[in-house]
Amino acid sequence: MARVLSGIQPSGDLHLGNYFGAVRNWVQDQDTADAYFCIVDLHALTLSIDPGVLRRQTLDAACVLLASGLDPARCTLFVQSHVPAHQQLTWLLECTATMGELRRMTQFKDKGGGQESVRVGLFTYPVLMAADILLYDADQVPVGDDQRQHLELTREIAGRFNHRYGDIFTVPQATIPKVGARVMDLQAPDRKMSKSSGSPLGTVGIMDSPDEIVRKVKKAVTDTDGVVAWDPSAKPGVTNLLSLLGAATGQDPEALAGSYDRYGDLKGAVSEALIEALAPLQDHYRELTDDPGGVMAILREGSTRAAQVAEATYLRAADAVGLLRP
Ligand code: TRP
């Protein structure tokens, strides 16, 4: 069985882009792969974040993922900082990657390139991510398009390390999901839905109430020609609504265009489908948040399992570079 690993930042309220683009695919991966999912709290420290908020959001991310259908009996869900090998391997990989490679990362350039006060961790972020992946001998890493460059770097680092020290790491592949991969901002359908850079009205959180969903979908930007048709470049707003409807109902989004004559009808169908798709998840979420001790126990067990794999890989790498065993 292939080993799959992915990570998600504990950035608070997940939105439909995270859910349809990533988390829902992870739920499926549990049945077809040996799956590891990591809440990357160390990565969250690369930007300013309040300690209390980070702590709360890390536990909350676990609740959301479990509510979405990750099942500790079928996957390993854990918190990055609970497995010290991530930080240990990062150093070995920082001594493998080069300044030039990291400087070319577009996410670094976007988030802080050029500023003197940028945290060193933001610069080395992709190396920690490489450690997350390589520690688990992951064959496949499901990520969004924006992480493709980091995956390429991971492959490069793994190849270089293996070339220098022997066959230590599995060189992973990125798997970019096919369906629902791109959920766009409802207010600016030419941009990906994003909590940090999107508009509040254009971003639907997966814990949004039915009223909020109706309000946001009703206000979604469309266009003026009044024809319901699938056309990503000429009609990005309508196309985004169709793709949300497709993702929420499991139907082919292009074929759905024929079923609606008016934007109002399409929007009504979209809100109804979203409310219905999210309701069970929201119920489950409330149960989990009522039992933080139970969620912590799941995370503890996850990190114990993860650490077994990660420590063995780290020792293999530490031996290979010549660190004396204690
Ligand atoms: N950088 C990823 C993001 O922001 C999160 C991440 C961290 C990750 N470590 C990972 C994703 C390992 C996949 C595998 O989306």
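The values are calculated or read from the model by the stated rules, or taken from the named source; none is laboratory data. Keep in mind it's a predicted model, so treat the numbers as computed, not measured. All Cβ positions, even for glycine, are placed from backbone atoms using ideal geometry, and neighbour counts span all protein chains on display. Note: areas computed on protein heavy atoms with side chains; ligands, DNA, RNA excluded. Shrake-Rupley method; radii C 1.70, N 1.55, O 1.52, S 1.80 Å.
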For the range 1-159, the Rg and Dmax computed from alpha carbons only, in angstrom: 15.3, 46
Compute the acute angle (0 to 90°) between the alpha-carbon long axis of helix 292-321 and the principal axis of greatest extent of the alpha-carbon atoms of the chain; round to the nearest 10°. 40 degrees
To test your reading of the geometry: what angle, between 0 and 90 degrees and rounded to tens, separates the Cα axis of helix 263-289 from the longest principal axis of the chain? 40 degrees
How much mean residue ellipticity at 222 nm does the chain get from its helices, if each DSSP H run of length 4 or more adds -39500 (n - 2.57) and you divide by all residues, to the nearest 500 deg cm²/dmol? -16500 deg cm²/dmol
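Quick check for me: using +1 on Lys/Arg Cβ and -1 on Asp/Glu Cβ, what's the dipole size of the chain about its Cα centre, in debye to the nearest 20?
800 debye
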Using alpha carbons only, how many degrees (0 to 90, rounded to 10) separate the axis of helix 120-134 from the longest principal axis of the chain? 80 degrees
State, in angstrom, two size descriptors of the range 143-196 derived from its alpha carbons: Rg to one decimal place and Dmax to the nearest whole number. 16.1, 51
Mind giving me the FRET efficiency for Arg262 and Gln107? R0 is 30 Å, r the Cβ-Cβ distance, nearest 0.05 is fine. 0.15
Need the full-extension length gain, Leu315 to Thr170, defined as separation in residues times 0.36 nm minus the C-alpha distance. One decimal, nm. 50.7 nm
Along its three principal axes, how long is the range 215-309 when you only count alpha carbons? Whole Å, largest extent first please. 56, 30, 21
If you wrap a convex hull around the alpha carbons of the range 40-118, what volume per residue comes out, as a whole number of Å³? 143 Å³
Considering the Cα positions of the chain, please state its Rg to one decimal place and its Dmax as a whole number of Å. 20.8, 71
Looks like the range 269-326, by Cα gyration tensor root eigenvalues a ≥ b ≥ c and the a/c under 1.5 rounded cutoff (else prolate when a/b is bigger than b/c, oblate otherwise), is oblate
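Please report, as a whole percent, how much of the solvent-accessible surface of the chain comes from carbon and sulfur atoms (probe radius 1.4 Å).
52 percent
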What nm distance separates the two modelled labels at Lys219 and Met296, each placed 7 Å from Cα along Cα→Cβ? 3.9 nm
The Rg/Rh figure for the range 131-252, Cα atoms and Kirkwood Rh, to two decimals is 1.14
Could you tell me which trypsin sites (Lys or Arg not before Pro) in the range 145-251 are loop residues by DSSP with no more than 13 other beta carbons within 10 angstrom of their beta carbon? Lys178, Lys219
If the limit is 20 Å between Cα atoms, which of Lys192/Lys219; Lys235/Lys267; Lys109/Lys216 go over it? Lys109/Lys216
